[in-house]
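Here's the structure, in structure tokens; my notes come after.
The values are calculated or read from the model by the stated rules, or taken from the named source; none is laboratory data. Only a predicted model underlies this, so the values are computations on that prediction, with no experimental measurement involved. A quick note on method: Cβ atoms are made from the backbone with ideal geometry, for glycine too, and the neighbour counts reach across all protein chains shown.
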Amino acid sequence: MMKIIDDWETSREEMDWYSFQQEYRDYIDLLGEVARHVFHLRILKEMK
């Protein structure tokens, strides 16, 4: 997958977006959870 991204401008291959999404879905979900927890921590800090 990284080869496709690295050669994005010169590659003529069609991107398989479904495979890309499946491969990185867990990382995106984890990033969303971390962002939500950071937001909650910020609110708690402001309440002190």
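Some observations on this one:
- Matching residues, segment 1-44, being assigned to a helix (DSSP H, G or I), charged (D, E, K, R) and either surrounded by 10 or more Cβ atoms within 10 Å (Cβ to Cβ) or at pLDDT 80 or above (or both): 6, 23, 25, 26, 29, 33, 36, 42
- Restricting the first member to segment 3-26 and to residues that are aliphatic (A, V, I, L, M), and the second to residues that are surrounded by 10 or more Cβ atoms within 10 Å (Cβ to Cβ) and in a helix (DSSP H, G or I), the beta-carbon pairs closer than 7 Å and six or more apart or on different chains are 15/4.
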